[in-house]
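The values are calculated or read from the model by the stated rules, or taken from the named source; none is laboratory data. Being a predicted model, the structure only gives us computed values, none of them experimental. All Cβ positions, even for glycine, are placed from backbone atoms using ideal geometry, and neighbour counts span all protein chains on display. Each accessible area value is taken on the protein alone, full model and side chains, heavy atoms only, with ligands, DNA and RNA left out. Shrake-Rupley method; radii C 1.70, N 1.55, O 1.52, S 1.80 Å.
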Amino acid sequence: MKIVVLTGAGISAESGLGTFRDQDGLWTKYDLEEVATPEGFVRNPALVHEFYNARRANCLESFPNPAHEALATLERSTQHDLTIVTQNVDNLHERAGATQVIHMHGELMRGLCAACDARWDAPATMLPDDPCPSCAARATRPDVVWFGEIPYHMDRIADLVAASDLFVAIGTSAEVYPAAGLVELARGATLELNLEPSARTNAFDARRFGPATEIVPAWVAELTG
Ligand code: BJW
């Protein structure tokens, strides 16, 4: 069976990485206009780097949880063909052993030059005056997708979702587009796995609620026998 799983911040919550919109989420502590838009970066690059440096440090201290591990197990199963499309900028899917991972909102561990588009492995701490390793411009930023920017790999993701037999969304509020609209492209079965109903819960054929570390391993165990 061809399976596409879309993951959001909820899958990494129990690894100690904050979600965005939950009570206590990142957007209750930071103004998203200031730290997650190109305009905010132009206004105050030091603040934006500080925000992402802290999240990179948090990510490096955290570990994949049983939900990430279950998806990596599903990928290894010969019965199914799994692609993980993640909105998350952390690297916990890869650290759990998954290899077919598409980061539609970029990666915390990568740097991007706003002047020449070069990309490289980000150091633990990025600063506004860091020169680009390729063109030396002082326009380096985290390689993440902010509001108003076009998410990565959209054509490939749309094709994969349309061709899937099963589309599953895990730990995402479905408040952010185009990720929230992917369920509309699915022609096969659809399933939501989340702590609580998302904004698009009624767009799914079926839904299960609970912590990702419980409901994802249980679902994978059912699929793999
Ligand atoms: C658990 C759990 C546990 C908790 N177990 N579950 C209408 C008006 C205005 C703007 C727009 C509009 N329609 C579309 C837009 C544009 C905008 C948008 O969507 N705005 C909305 C706010 C309305 N979108 C964009 O600008 C995007 N670009 C775009 O549209 O370009 C145009 C275009 C697209 C395609 C083709 C051509 C043109 C870009 C969006 C970029 C989003 N960037 C961020 C930051 C990335 C870098 C970073 O990490 O800092 O991405 S914002 C943030 O939200 C981050 C996330 O990936 C994204 C989604 O959040 P997510 O993952 O869903 O987290 P939460 O916190 O919202 O939800 C957590 C969920 O987990 C909850 O449901 C909990 O219940 C659950 N949970 N604990 C299981 N233990």
### Query
From the list 187, 208, which one is in a loop (DSSP other than H, G, I, E, B) and more than 9 Å from the ligand (Cβ to nearest atom)?
187
### Query
Pairs, please: C-beta under 6 Å, at least 6 apart or cross-chain, first residue on the phi < 0 side of the Ramachandran plot and more than 8 Å from the ligand (Cβ to nearest atom) and in the range 1-30, second among the acidic types (Asp, Glu) and open to solvent by less than 70 Å² (accessible area, probe 1.4 Å)?
12/90; 17/90
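Quick one: in the range 35-49, which of the residues that are more than 20 Å from the chain's Cα centre (by Cα) and assigned to a helix (DSSP H, G or I) is farthest from residue 115 (Cα to Cα)? Before you say what the answer is, go through the steps one by one.
Of all residues in the range 35-49, those more than 20 Å from the chain's Cα centre (by Cα) come to 39-47.
Filter again for assigned to a helix (DSSP H, G or I), leaving 39-43, 45-47.
Working: 39: 15, 40: 17, 41: 14, 42: 13, 43: 17, 45: 15, 46: 17, 47: 20 Å.
Applying the filter and picking the extreme gives 47.
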### Query
Does residue 224 qualify as being away from the ligand (no atom under 11 Å from the Cβ), more than 30 Å from residue 49 (Cβ to Cβ) and touching a residue at least 24 places away in the same chain (Cβ under 8 Å)?
yes
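Mind checking whether some residue in the range 110-129 is within 29 Å of residue 225 (Cβ to Cβ) and free of Cβ contacts under 8 Å to residues at least 40 places away in the same chain?
The answer is no, given that none of the residues of the range 110-129 is within 29 Å of residue 225 (Cβ to Cβ) and free of Cβ contacts under 8 Å to residues at least 40 places away in the same chain.
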## Note on the structure
Inside the range 22-45, the number of residues satisfying the requirement of being basic (Lys, Arg) and at pLDDT 95 or above is 1
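Taking residue 63, is it touching a helix residue (DSSP H, G or I) at 6+ places or on another chain (Cβ under 8 Å), within 23 Å of residue 149 (Cα to Cα) and either of a type in the set (S, T, N, Q) or surrounded by fewer than 21 Cβ atoms within 10 Å (Cβ to Cβ) (or both)?
no
A quick yes/no check of all residues on (1) modelled with pLDDT of 95 or more; (2) more than 30 Å from residue 74 (Cβ to Cβ); (3) more than 16 Å from the ligand (Cβ to nearest atom); (4) touching an Asp or Glu at 6+ places or on another chain (Cβ under 9 Å):
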{"site": "107", "(1), (2), (3), (4)": "yes, no, no, yes"}
{"site": "122", "(1), (2), (3), (4)": "yes, no, no, yes"}
{"site": "135", "(1), (2), (3), (4)": "yes, yes, yes, no"}
{"site": "145", "(1), (2), (3), (4)": "yes, no, no, no"}
{"site": "154", "(1), (2), (3), (4)": "yes, no, no, no"}
{"site": "158", "(1), (2), (3), (4)": "yes, no, no, no"}
{"site": "163", "(1), (2), (3), (4)": "yes, no, yes, no"}
{"site": "166", "(1), (2), (3), (4)": "yes, no, yes, no"}
#### Entry: Identity of the residue in the range 173-194, surrounded by fewer than 17 Cβ atoms within 10 Å (Cβ to Cβ) and in contact with a helix residue (DSSP H, G or I) (Cβ under 8 Å, 6 or more places away or on another chain), that ends up nearest to residue 86 (Cα to Cα)
178
### Query
For residue 125, are the conditions met, namely being open to solvent by 50 Å² or more (accessible area, probe 1.4 Å) and among the polar types (S, T, N, Q)?
yes
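Using the structure shown, decide if residue 158 is touching a Lys or Arg at 6+ places or on another chain (Cβ under 7 Å), in contact (Cβ under 8 Å) with a residue 24 or more places away in the chain and open to solvent by less than 80 Å² (accessible area, probe 1.4 Å).
Working: touching a Lys or Arg at 6+ places or on another chain (Cβ under 7 Å): no; in contact (Cβ under 8 Å) with a residue 24 or more places away in the chain: yes; open to solvent by less than 80 Å² (accessible area, probe 1.4 Å): yes.
Here the answer is no, as residue 158 does not meet what is asked.
Residue check: is residue 215 surrounded by 18 or more Cβ atoms within 10 Å (Cβ to Cβ), over 17 Å from residue 86 (Cβ atoms) and not small (Gly, Ala, Ser)? Before the answer, list the steps.
On the way: surrounded by 18 or more Cβ atoms within 10 Å (Cβ to Cβ): yes; over 17 Å from residue 86 (Cβ atoms): yes; not small (Gly, Ala, Ser): yes.
In short, yes.
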## Note on the structure
Filtering the range 130-155 down to residues that are open to solvent by less than 30 Å² (accessible area, probe 1.4 Å) and either assigned to a strand (DSSP E or B) or among the polar types (S, T, N, Q) (or both) yields 140, 141, 142, 143, 144
